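Okay, structure first, notes after.
Values in this text are rule-based calculations from the coordinates and carry no lab data. Please read all numbers here as calculations on a predicted model, not as lab measurements. Quick reminder, even Gly has a Cβ in these numbers, built from the backbone with ideal geometry, and neighbours come from all protein chains shown.
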Amino acid sequence: MSTDTGAPTADAHEAVTSPPPARLPGWGALAIVMVGTFITVLDYFIINVAVPAIQADLTASSAQSQLVIVGYGVAFTAGMITGGRLGDLYGRRRMFSYGLFGFTVASALCAWAQSPEALVAFRVLQGAAAALMVPQVLGILGVVYTGAARARAFVVYGLVIGLAGVFGQVIGGALISADVAGLTWRAIFLINLPVGIVALVLTPRLIPESRSAASGRLDVTGAVLSAAALSAIVISLVEGQERDWPLWTWLVLAAAVPLSAGFVAHQRARQHRSPLIDFALFKGRAFSVGLVAMFLYFLAMGSFFFLLALYLQQGRGLSPVESGLVFLTLGSGYLGSSMLSTKLAARLGHSLITAGPLTLAVGYVLTGLTAAWLGTEHSVLWIIAPLVLSGIGMGMTTGPLTGAVLAGTDPEHAAAASGTANTVQEGGVAIGVAVVGAVFFPALGEVARAEDYPHAFDMGLIPLVAFCLASCVLVRFMRPRAERRAQRTAAPAGASAQQ
């Protein structure tokens, strides 16, 4: 909704959203959109363990193998804001269905690919479909559920993201090792087909349609500028690190500056004519400050999966399946704290979100210290306890922080706001991987030896700890100072009343 139309009335909102907010829907809608979230995040991580098999089967070069990973991530990240806006304009359930259909078809094409070039193209298509589907998830949750039900839905969302990242290593390794019907790496894409088909059938039955009450048309120029700017940033950072920073990567990164400035100027000029991003979203402290805190947190979270996989598989010689089993310990902490986060939030309030990144930072420090002590002689099982603590910190943060950022946004902008939040999340993961790689690989040296990996692993953790601490500080400023002061004075009063 543009800023000149005024706040939406309850009647206008009910005219475009069913069921009305007063009716509490069941959890079918949550289940379906979580399926979409799981498979898109899963495909972000599952491909890592399949690269050697893809190279052997398709005779893919190192650069082509990287594009299989990067192509999906760039299309996914660059299309997120536009996908969210399309949901606001033309219906969130409709765009979710289109994205799910496209993702399922693209998965089938990836499994059928007969050349590296074809696989790269189909992965880009898959990422574009994910960019259309995923922004609708938070938009649908924000409109369908209210109050405590919405808080629980956001916690489940955070849980699914973490488990998909963790289980991506396990599922990918298991499917490739099993080599069902001689499919090898193709099985990681074929597994999406039955899941996608069932979800497509159930979507119109379980998810109510919703859209923005304000009419408008898609800002095509803004969509192109945002996609170009985000693509320039992600491609230059990821490919620059992989290719030792040739000149073209610096030129692409430099081009992101005028592209980003052009996008902001174009959006400012269109604030009264259906902009891609309504700047009114950023007037709320929770959303504007929270986005930065979320970006810093995902810089630290998503890149840790990448760093840990390198350490376990290349440094400690674990197979993909063995590495995946170690990842399960991280997932156990994530699962446990995510399931308890709703109850903890009721008792701790905003302090829970502040404690989450701090707990994660402590977990990373202990993980690094343990890895340094282990060297290459002691059992890797000693690293399990700090990994569980790290998982607990992730579970305390992912869902609750996402919910806090989106809680105050207007339902009329639900998908656009969630598209922006998803862009920040995925962009944080991609850029975080590039930052970690820029520290890890130089510390490893040109001739990588097993005994060098603990030191490189510790060096890679240093920026992640810094990101966690910075996120922790920013989370404290998501609320106005008066509200924070009121909570501090209310706590002693409540304690004395209980006594």
(message) For the range 277-482, take every pair of Cα atoms, bin their distances at 5 Å starting from 0, and report each bin as a whole percent.
(response) 1, 8, 15, 18, 19, 14, 10, 7, 4, 2, 1, 0
(message) At a threshold of 8 angstrom on Cα-Cα distance, excluding pairs fewer than six apart, so keeping six or more, what relative contact order does the chain reach in percent?
(response) 23 percent
(request) Starting from the coordinates of the alpha-carbon atoms of the range 238-279, obtain the Kirkwood hydrodynamic radius over all distinct pairs and give the value in Å to one decimal. (result) 12.0 Å
(message) Counting other C-beta atoms within 10 Å, and keeping those with at most 11, which DSSP coil trypsin sites (Lys or Arg not before Pro) do you find in the range 21-110?
(response) Arg23
(message) Starting from 0.36 nm per residue, how many nanometres of slack lie between Gln271 and Ser61 once their C-alpha separation is accounted for?
(response) 71.0 nm
(message) Above 29 Å lies some portion of the pair distances; for the range 26-209, what is it as a whole percent of all C-alpha pairs?
(response) 20 percent
(message) For the range 277-482, what does the relative contact order come out to in percent, with C-alpha contacts under 8 Å and a separation of six or more?
(response) 42 percent
(message) Per residue of the range 121-134, what does 6.51 cos²θ - 1.76 cosθ + 1.60 with θ = phi - 60° give for ³J(HN,Hα)? Whole Hz please, x for Gly and Pro, Karplus curve as stated.
(response) 4, 5, 5, 5, 4, 4, x, 5, 5, 4, 5, 7, 7, 5
(request) Could you work out how far apart the two model spin labels at Leu369 and Val51 are, taking each label as a point 7 Å from the Cα in the direction of the beta carbon, and quote it in nm? (result) 3.2 nm
(message) Through the Karplus equation 6.51 cos²θ - 1.76 cosθ + 1.60, θ set to phi - 60°, convert the phi angles of the range 219-232 into ³J(HN,Hα) values in whole Hz; use x for Gly and Pro.
(response) 7, 5, 4, x, 4, 5, 5, 5, 5, 5, 5, 5, 5, 4
(request) List the extent of the Cα atoms of the range 97-169 along each of their three principal axes, largest first, rounded to whole Å. (result) 50, 28, 13
